[in-house]
1. Would the stretch 257-264 turn up any residue that is buried (at least 19 other Cβ atoms within 10 Å of the Cβ) and touching a Lys or Arg at 6+ places or on another chain (Cβ under 6 Å)?
2. For the stretch 188-227, give me each residue that is among the small types (Gly, Ala, Ser) and surrounded by 14 or more Cβ atoms within 10 Å (Cβ to Cβ).
3. Please enumerate the residues belonging to the stretch 328-346 that are over 10 Å from the mean Cα position of the chain (by Cα) and within 19 Å of LYS24 (Cβ to Cβ).
4. Can you pull out every residue in the stretch 265-307 that is within 30 Å of VAL227 (Cα to Cα) and out of contact with any helix residue (DSSP H, G or I) (no Cβ under 6 Å at 6 or more places or on another chain)?
5. All but one of (1) surrounded by 14 or more Cβ atoms within 10 Å (Cβ to Cβ); (2) under 30 Å from SER31 (Cα atoms); (3) β-branched (Val, Ile, Thr); (4) out of contact with any Phe, Trp or Tyr (no Cβ under 6 Å at 6 or more places or on another chain) hold for ILE325; which doesn't?
6. Do we find that LEU337 is surrounded by fewer than 17 Cβ atoms within 10 Å (Cβ to Cβ), over 20 Å from LEU200 (Cβ atoms) and in contact with a helix residue (DSSP H, G or I) (Cβ under 9 Å, 6 or more places away or on another chain) in this structure?
7. Are any of the residues in the stretch 331-344 of a type in the set (Phe, Trp, Tyr) and touching a Lys or Arg at 6+ places or on another chain (Cβ under 8 Å)?
8. Does the stretch 203-211 contain at least one residue that is touching a residue at least 60 places away in the same chain (Cβ under 8 Å) and either of a type in the set (Asp, Glu) or not in a helix (DSSP H, G or I) (or both)?
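The values are calculated or read from the model by the stated rules, or taken from the named source; none is laboratory data. None of these values were measured; they are calculated from a predicted model. With ideal geometry, Cβ positions are generated from the backbone for all residues, glycine too; neighbour counts draw on all protein chains shown.
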Amino acid sequence: MAVAANNDDVTGYKDLKGRTVVAKTGSEGESYAKQHADKYGYKVTSVDQSSTMYEMVKSGNAVAVFDDYPVLAYGVSQNNGLKIVTPKVPHGEYGMAVNKGMNADLLAAINDGLNKMIASGEYERIVAQYLGKQGAKEQAKSISGMITDNGDDSAEQQKVGFLGLVKQSMPALLTGLRNTLLITLLSFAIALVLGVAFGLMKVSESKIAAGLANVYITVFRGTPILVWAFFFYFGVPQLIGHSVNIWVAGALTLSLNSGAYLAEIVRGAVQSVDSGQMEGARSLGLNHRQAMRRVILPQASKIAMPSIINQLVIMIKDSSLLLAIGFGELLYQAQQLYAANFRVTETLLIVGVMYFVAITILTWLANIVDRKVNR
């Protein structure tokens, strides 16, 4: 286990109570962390990339990382900003996998080559080169010699039928679906406010307001969502010296991105209203603001509604990108499941159906609102 190099509060597992640790999805480190989570009272977050794990620790979003000792030791030797605070867990080994019951010649060649490397001392030299002398000593204690053709770890999972898999997966997937819908609806509400505000600023008579709106729209439409997700979750904490809640980072990412698109939708809808409407309103004695509020915007809202509904659907799908920062949405939960059961296609099929049903229901509800608005 490793922590930030400047963290002197965590020296062992007992110091993790009530805190969050991070591990790589499907790794031995994740398995070990989850096995001991209840004992030491910490929460485990799993992510796909090693770099993401380390950034979470350095930004304060996780207090420690569980990973393979050679990987941690090499990173520390390269000054990655972490330090190892616990001894290496014994009996953790790297393996080379071949098709079960096949590739006997390849398996024999791997075993023979490894044994020759150990006998000649080459193995120890390689370990020492990357992990240092102490790392070589630690690694030498766990050399078992031969590689075996095992591969039975997920055998029980493979015996479970598709309906059984659905039943097993549903609690985690429903949690993910709930998080997906909550972050989407929260972000959409914020994005709608931003979209209306900046959309009206862009068509306003003020050049300053129009310029600010144009900058906002250009920046967020011209940059990928993931860039902002990483910036808010990893970058901002390192700038301000305080961690950012993952819900806050996710909501900021989705709302600012979608707000830029909604601003263009609002701008287009306002400009689609016949210019004679404004002229007629002004001739009746209404000022510009009154004309916009009472005449232009009611018509523009009807024009914009289909595109706004479409943006809501896009936001639901965009929320899946937040899995990159460890947000527990639907696809993130699916990854955790198939990392353990190795049934990728079936798990993704279930997730696809859940996305389809959720989007269909939300679209149906939105269309009801659209019909009422357009009466």
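1. yes
2. Within the stretch 188-227, ALA191, GLY195, ALA197, GLY199, SER204, ALA209, ALA210, ALA213 meet the criteria.
3. Those that are over 10 Å from the mean Cα position of the chain (by Cα) and within 19 Å of LYS24 (Cβ to Cβ): GLN333, ALA334, GLN335, GLN336, LEU337, TYR338, ALA339, ALA340, ASN341, PHE342, VAL344.
4. Pass one, the stretch 265-307, residues within 30 Å of VAL227 (Cα to Cα): 265-269, 304-307.
Of everything in the stretch 265-307, those that are within 30 Å of VAL227 (Cα to Cα) and out of contact with any helix residue (DSSP H, G or I) (no Cβ under 6 Å at 6 or more places or on another chain) turn out to be GLY268, PRO306.
5. (4)
6. Considered against the rule, which asks whether it is surrounded by fewer than 17 Cβ atoms within 10 Å (Cβ to Cβ), over 20 Å from LEU200 (Cβ atoms) and in contact with a helix residue (DSSP H, G or I) (Cβ under 9 Å, 6 or more places away or on another chain), LEU337 comes out as no.
7. Filtering the stretch 331-344 down to residues of a type in the set (Phe, Trp, Tyr) leaves 332, 338, 342.
Still in the running and touching a Lys or Arg at 6+ places or on another chain (Cβ under 8 Å): none.
Looking for residues that are of a type in the set (Phe, Trp, Tyr) and touching a Lys or Arg at 6+ places or on another chain (Cβ under 8 Å), one finds none in the stretch 331-344, hence no.
8. The initial filter retains those residues of the stretch 203-211 that are touching a residue at least 60 places away in the same chain (Cβ under 8 Å), namely 203, 205.
When the remaining residues are screened for being either of a type in the set (Asp, Glu) or not in a helix (DSSP H, G or I) (or both), the result is 203, 205.
Yes, the stretch 203-211 contains at least one residue that is touching a residue at least 60 places away in the same chain (Cβ under 8 Å) and either of a type in the set (Asp, Glu) or not in a helix (DSSP H, G or I) (or both).
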